[in-house]
Amino acid sequence: MKRFLSGAFLLAFTLSVLLPLLWALMSSVKPGSEILGQPWALPSVLRFDNYGRAWGEAGIGRAFLNSLMVTVGTLIVLLPIGAMAAYVLAKYAFRGAKALLATFLGGMMFPHFLVIVPLFLLMRDLRMLDTVYGLIVVYIAYSLSFTVFVLVGFFVNLPDELAEAAMLDGCGHAATFWKVMLPLARPGLIVVGIFDAIGLWNEYGLALVLLPSEANQTLPVGIARLTMTQQYQSDWGALFAGLVIVMLPVLVVYSFFREKIHETMLAGAVKG
Amino acid sequence: MRGRGRTAFIISFLAPAVLFYAAFVLWPLVQAFQFSTYRWRGLSARMTPVGTDNYRQLWEDQAFATALKNNLLLLVEAGVVIIALALMVAHVVRGKGPVQKFLRSIYLFPQVVSMVVVAVMWQFIFNPQGLLNAGLRAAGLDALTRTWLGESAWALPSVAVAFVWYAVGFYIMLFAAGLEGIPQEVNEAAELDGSKGWHRFWHITWHLLWSVKRVAVTYLVINVMNTFALVYLMTRGGPDRRSEVMLTYLYEQAFVNSNFGYATALAVGNFVVVMGLSLLILFLFRRNPVEARA
């Protein structure tokens, strides 16, 4: 009886987690009028053209490319400079090293909205407001805390002897890093890269404020805008296709790397 | 690490990260505290220093009080449900079996999906013609149907439900790891003493989860106090500010009303509340009850 009850509870809970996601998936191939007309019914016909309209007319294709550009652009700069800083902070003792690390980690404590007004005005003065590269620069800066935090953990655990041996062989500090230590930290770079990528792909608040014009919008902002504009056109089919386009890449990446992601989440939580 | 060119190496490797961080994180942070002492409307360059006026206005601002109250309500409502639910589920799916691991990873789906997707999906679930009302009608419970997000009594609880759905997976993982960390001997000793079920949970397990509980509560405070997208997209803080939270109010003041000075004061106010609650948690969890007894 007890086993049965806990099994039933677990089933009910699992279904309620999955239900909204599966409902969104089903609605994305429904004729728009049935999404609110008969929300529980299976689609009367499969409307895969919802995806075409979402991608084209509704502007989700352009937003997808913007998001891709912003995410990849951020990672290309963020990972090398984050790794460089993390390596020095993990392996080189110098005055102020602890304070500098604490300053970086402190960035994880406060919400972006604390600085949203000064940041908005700063970007405006630098003429980087409403530019994709402006958002990339901001994303790099705000992802550094977490990136440095995880990578310091990786570099600390690499044995010093490896770097010392490389330097005895005539490598300079920088060559030792690029040729020996960075390749060894690859698992860490992958984990932190995936984490950052998911977070950046999903980010809303900063993108909303810093990229006002429609042509530059990233996926989350584009979807949010679509929710409002579709109130007049009621093409709910395209909206739900858009929702699936936002979440599918993330869920696929997550499913591939879920073990690593769980470990990092818990490590962050237990230390933090 | 030693060797020639050490100082130059350290500086050159730190410089890029430090420059980005100083220019776009630290500098705006300093400015935030400074701006909050100015009256500054619109995009004009005219800033009038007003000392603590913004903070005095904040103290008397009914809308801010409502937003803060809603944040705290959300924290309590969603927090209690999340912790109770996460504990129960974690109890069933703890352990290293493949099924357990698979289920735990499913529960994190909502967490890796963008908050925007979560908000839009739940907006449609709570739509008067949406999934929830249609389900209630099909079950013959027409009397329970509501315009959920449009009714002042139901808007905030509806947002709380969406928040629980989004957040609970992380806490399941956390508590599953915590339960996993309880030494086998403790459970065996409890077994010998005849402590079972609820008795064992309240008298033994609950206390041993001390550090996990502290982490869970801290995360809850930070997550709830920083809620923006969920409320902004589901209800816009309405109806009549009944679901307004601090950050949606801040957004309105800054980017709808262009009250930049006052909005930064709001941001600082939000920050102070989060710090205050964090200190309270540190105080409440100041001693590990288990260690104290040992």
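The values are calculated or read from the model by the stated rules, or taken from the named source; none is laboratory data. Bear in mind that the values here come from a model prediction, so they are computed numbers and not experimental data. Note that we place each Cβ from the backbone using ideal geometry, even for glycine, and neighbour counts take in every protein chain shown.
For the reader, a short list of remarks on this structure follows.
- The range B:252-270, subset without any contact (Cβ under 8 Å) to a residue 60 or more places away in the chain and buried (at least 21 other Cβ atoms within 10 Å of the Cβ), residue nearest to B:SER158 (Cα to Cα): B:ASN270
- In the range A:32-124, counting only helices (runs of 4 or more DSSP H) that sit wholly within it, the ones holding 1 or more residues that are under 25 Å from the mean Cα position of the chain (by Cα) span A:49-55, A:60-91, A:97-106.
- Only residues that are surrounded by 12 or more Cβ atoms within 10 Å (Cβ to Cβ) and under 29 Å from B:ASP240 (Cα atoms) were counted across the range B:38-69, and they come to 19.
- Lone qualifier among B:ALA119, B:ALA177, B:ALA162 - being of a type outside the set (Lys, Arg), under 23 Å from A:ASP196 (Cα atoms), part of a helix (DSSP H, G or I) and touching a residue at least 12 places away in the same chain (Cβ under 8 Å): B:ALA119
- With respect to the conditions (1) surrounded by fewer than 18 Cβ atoms within 10 Å (Cβ to Cβ); (2) farther than 28 Å from B:LEU220 by Cα, A:TRP236 falls short on a single one, namely (1).
- Condition check for B:GLY51: assigned to a helix (DSSP H, G or I) and more than 12 Å from every other protein chain (Cβ to nearest Cβ): no
- When residues in the range B:210-251 are screened for being in contact with a Phe, Trp or Tyr (Cβ under 8 Å, 6 or more places away or on another chain), among the β-branched types (Val, Ile, Thr) and more than 24 Å from B:ALA153 (Cβ to Cβ), 2 of them pass.
- Residues satisfying the stated conditions in the range A:207-222, i.e. in a loop (DSSP other than H, G, I, E, B) and either more than 11 Å from chain B (Cβ to nearest Cβ) or surrounded by 24 or more Cβ atoms within 10 Å (Cβ to Cβ) (or both): A:LEU211, A:SER213, A:GLN217, A:THR218
- Scanning the range B:231-275 for residues that are farther than 18 Å from B:VAL221 by Cα and charged (D, E, K, R) returns B:ARG236, B:ASP240, B:ARG241, B:ARG242, B:GLU252.
- Residue within the range A:160-178 that is away from every other protein chain (no Cβ under 11 Å) and at pLDDT 90 or above present: no
- Just one residue in the set B:ARG146, B:ARG137, B:ARG200 is in a loop (DSSP other than H, G, I, E, B) and either within 14 Å of chain A (Cβ to nearest Cβ) or touching a helix residue (DSSP H, G or I) at 6+ places or on another chain (Cβ under 9 Å) (or both); that residue is B:ARG146.
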